[in-house]
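The values are calculated or read from the model by the stated rules, or taken from the named source; none is laboratory data. Remember, predicted model here, so these are calculated numbers, not experimental data. Note that each Cβ is placed from the backbone with ideal geometry, even for glycine, and that neighbours are counted across all protein chains shown. We work out accessible area using only protein heavy atoms, side chains counted, and drop any ligands, DNA or RNA first. Shrake-Rupley method; radii C 1.70, N 1.55, O 1.52, S 1.80 Å.
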Amino acid sequence: MSDVKIEPSWKAALAHEFEQPYFQALAAFLKKEKAAGKVIYPPGSKIFNAFNTTPFDKVKVVILGQDPYHNPGEAMGLSFSVPKGVRIPPSLVNIYKELNADTGTPIPRHGDLTKWAEHGVFLLNAMLTVEHKKAGSHAAAGWQNFTDAVIATLSRERKHLVFMLWGNFARKKKILIDASKHLILEAAHPSPLAGNAFQGCKHFSRANAFLEQNGLGKVDWGLEG
């Protein structure tokens, strides 16, 4: 990771972070883990998938997740997203239910959110890697220094973005966001463990109303076709 392969606009916006001691330590940690034979998700080429699919100046909405999925074939570098052909995770099932109830968007038959990312939805996990079958295993590796800086940079350099913060972990990140410039939407986590508390938040329609009001253009939330 010493020569980070990341989309040019992000590389420019985050150049300072890549030079920080914590980032060098993070790169060394990942190298050491792989050398020890540990299986890390997502694959190296997908670690910065969210950045590579949604350039810095194209971001409209930020959806913050916590940890990549830690089962084989699931993590793809986009929060809440899994490749086509992989079972749709329970949290994403509930996200789809709310999207349908809120906007009438048909419920997709797959869990690949790449189209959202291509339409300006920045699907950022707080941690960008995880060890096989060990949730939260890289929580202290330094990723949060980096992703906190990502959120703060978006807040500082951009205007009229929508930040969707779902669950207590994500909601703590609102201190990084200038609420006078951006729309912060908070809700319970979409996990079934939170019951139905996420349902009815109407974040998708509220996001589009704010984006249109500020001339950014609404997000097409459709994933089929």
Exercise. Just how large is the dipole of region 1-114 about the Cα centre, in debye to the nearest 20, putting +1 at every Lys and Arg Cβ and -1 at every Asp and Glu Cβ?
Worked result: 360
Seminar exercise, completed: Of 62-75, 172-185, ordering from highest average Cβ density within 10 Å down gives 62-75, 172-185
Exercise. Protein chains only, probe 1.4 Å: how do S9, S81 rank by accessible area, largest first?
Worked result: S9, S81
Exercise. Cα gyration tensor of region 139-225, axes a ≥ b ≥ c as square roots of the eigenvalues: rounded (a/c below 1.5), prolate (a/b > b/c) or oblate?
Worked result: oblate
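Looking at region 1-90, what % of the alpha carbon pairs are farther apart than 16 Å?
Cα-Cα pairs of region 1-90 separated by over 16 Å account for 62 percent.
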For this session: Only Lys, Arg, Asp and Glu count, each charged at its Cβ (+1, +1, -1, -1), so figure out the dipole size of region 66-134 about its Cα centre, rounded to 20 debye.
Result: 220
Problem set entry | Where R87, R171, R109 fall by accessible area, highest first, once all protein chains stay in place (1.4 Å) | R109, R87, R171
Exercise. Considering only DSSP beta bridges with both partners in the chain, what is the antiparallel share in %, to the nearest 5?
Worked result: 20
Problem set entry | Added length on full extension, which subtracts the Cα-Cα distance from 0.36 nm per residue, A197 to K172 | 7.2 nm
For this session: Choose one of I6, A50, N71: the residue whose Cα lies farthest towards the positive end of the charge dipole of the chain (beta-carbon charges +1 Lys, Arg; -1 Asp, Glu; about the Cα centre).
Result: N71
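Hey, what's the Kirkwood Rh for the chain if you take every pair of different alpha carbons, in angstrom?
It works out to 17.8 Å.
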Seminar exercise, completed: Checked region 121-176 with the C-alpha gyration tensor, a ≥ b ≥ c its square-rooted eigenvalues, rounded below a/c of 1.5, otherwise prolate if a/b is larger than b/c and oblate if not; verdict prolate
For this session: Find how much the distance from A12 to A179 grows on full extension, using 0.36 nm per residue of separation minus their present alpha carbon separation; answer in nm with one decimal.
Result: 57.7 nm
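Per DSSP H run of at least 4 residues, take -39500 (n - 2.57); add these up for the chain, divide by its residues and hand me the 222 nm value, nearest 500 deg cm²/dmol.
-10000 deg cm²/dmol
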Problem set entry | Debye, to nearest 20: dipole size of the chain, +1 on Lys, Arg Cβ, -1 on Asp, Glu Cβ | 240
